[in-house]
1. Can you give me the C-alpha center-to-center distance between segment 138-174 and segment 78-101, rounded to a whole angstrom?
2. Using amide H atoms built in the peptide plane, which far-off residues or other-chain residues are under 5 Å from residue 105 H to H?
3. Residues with amide H under 5 Å of residue 126's amide H, sequence separation 5 or more or different chain, H placed in the peptide plane at 1.01 Å from N; which?
4. Report in % the part of the accessible area of the chain that belongs to carbon and sulfur, leaving out ligands and nucleic acids; probe 1.4 Å.
5. Lone cysteines in the chain, defined as no other cysteine's Cβ under 4.7 Å from theirs: which are they?
6. Could you size up the charge dipole of the chain around its Cα centre, putting +1 on the beta carbon of Lys and Arg and -1 on that of Asp and Glu, and report it in debye to the nearest 20?
7. Which of the listed residues, 101, 32, 83, is farthest toward the dipole's positive end in the chain, when Lys, Arg count +1 and Asp, Glu count -1 at the beta-carbon?
8. DSSP loop (so not H, G, I, E, B), at most 13 other Cβ within 10 Å: list which chymotrypsin sites (Phe, Trp or Tyr not before Pro) in segment 1-109 pass both filters.
Amino acid sequence: YPLRHYKVAPPDPVRIVEHPKDQAVSPGMAATFRVVAEGTAPFRYQWRLNGADIGSATNATLALTNVQPAEGGSYTVQVRNPAQGMVISQEALLCVLGKDVLHLLSATLLENRTVCRVLICGLEGLGFQLLASTDLKNWTVLTNSTMSTSLYESLDGEAARFPARYFKVAMAPI
């Protein structure tokens, strides 16, 4: 019998190539989060809401049905593979629009720490203002706009100039 040689390559670490996306839904609707990972399979997934594991949410897709306000928050997924690699996705925010038709979801300094990403959710067609303050007394209008989709992102390039920067949203004056 001829001698055969097999080369076994070490497993590739896991990496996320598509992160879950922010969403806004009304109560009772469905929301679906998805992640795409690469590396050596098989992958193990664990979805989290606000940092806490969601029991039995262990697939690449997290499908939520009949969403209620308590399910709103920050969703991430931890992905592992045989290379003992582990990564955590970027957060995806779920806004559940209830009686309040306008929400300030987050204000986060981006990696370069010179720009603040402000995320707002609200009913499509709703006029709103995004305001900023450094002392919680004097407010400056940053944006006067209308919700064209249920999620609105604003980038504030001035935020890093101040020791503190506060944001609020309000319905636009009629």
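1. 25
2. Those qualifying (amide H under 5 Å, at least 5 residues apart or on another chain) are 119, 120, 121.
3. Placed amide hydrogens put 147 under 5 Å from residue 126.
4. 52
5. 116
6. 440
7. 83
8. The qualifying sites are 6.
The values are calculated or read from the model by the stated rules, or taken from the named source; none is laboratory data. This one's a predicted model, so the numbers in the text were calculated from it and none came from an experiment. Quick reminder, even Gly has a Cβ in these numbers, built from the backbone with ideal geometry, and neighbours come from all protein chains shown. Just the protein is used for accessible areas: all its heavy atoms, side chains included, with ligands, DNA and RNA removed. Shrake-Rupley method; radii C 1.70, N 1.55, O 1.52, S 1.80 Å.
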